[in-house]
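Here is the structure we will look at, set down as structure tokens.
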Amino acid sequence: MKRLLIFAVISGALIGVVEAQQKKAKTEKESVKEEEVLKVLKDGLSQDPRFAWKIQQDEAQRICSQYSSREEMPAQAIQRVIQLSQSEIRYPQWGIYMGDWKEGKKLVDSPRGGRFASYGFSDKPTDKGGNCYACHLIEKGMPGGTMGPNLYQYGKRWDITKENMNTPEGIEKIKAVYNIIYNSWSAFPCSSMPRFGYHGNLSPEDVANIVAYLLHPESPVNK
């Protein structure tokens, strides 16, 4: 009986502590103001000029920020974002081509490239990666995210074969996929997909290699 009484007292005390902590956390969360968050971001990012662009919106971002979803955007705003995004796409020196899918796989698999920590950049300048598995399922049997569309057998869905990938029709398909990866807003305005090429995270050649990984018939994506 004595032990049960002690246990009850201890349990009551623990519950009281947990409730107090939860109440405190809730109060602190509610007291955080938007301008305080913005100040923290500015103070942190201003220490490294390479990240200054993160707190400066371009015209397309300013348009997207006016609406809570693409469904609420008027047609004129959507067309303006597409127009801006398409004008910013840059292609490899020799034009559109099917890159090296093995190199593309390395970029897709890697989460590195431009990551920032409190002490500065946590990646080397030579580190590059798309971190594509964070949002997509790609190769069969490989775990991935579901925020973005499933990309397994993506090349087959685009009907890319060894026979047609160098034809004018095949090159147009390759270009369409290239544009999406380089600047996703050129096809899907204000989407959550990073604008890899526009921000310089990936070079035109990097994007061409990722396109090959997704579309080439010999890539494991299409097996």
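Observations
- For region 134-160, the set of residues classified as surrounded by fewer than 14 Cβ atoms within 10 Å (Cβ to Cβ), touching a Leu at 6+ places or on another chain (Cβ under 8 Å) and closer than 18 Å to Val177 by Cα consists of Asn150 only.
- Unmet criterion (only one of (1) among the charged types (D, E, K, R); (2) modelled with pLDDT under 90; (3) under 22 Å from the mean Cα position of the chain (by Cα)) for Lys24: (3)
- Applying the criterion of being of a type outside the set (Phe, Trp, Tyr) and farther than 27 Å from Glu139 by Cβ to the residues of region 90-102, the residue that is surrounded by the most Cβ atoms within 10 Å (Cβ to Cβ) is Arg90.
- The set of residues in region 68-80 that are under 20 Å from the mean Cα position of the chain (by Cα) and either over 13 Å from Phe188 (Cβ atoms) or without any contact (Cβ under 8 Å) to a residue 60 or more places away in the chain (or both) comprises Ser68, Ser69.
The values are calculated or read from the model by the stated rules, or taken from the named source; none is laboratory data. Small disclaimer: the values here were computed from a predicted structure and weren't measured. Please note: Cβ atoms are built from the backbone with ideal geometry, for glycine as well, and neighbour counts cover all protein chains shown.
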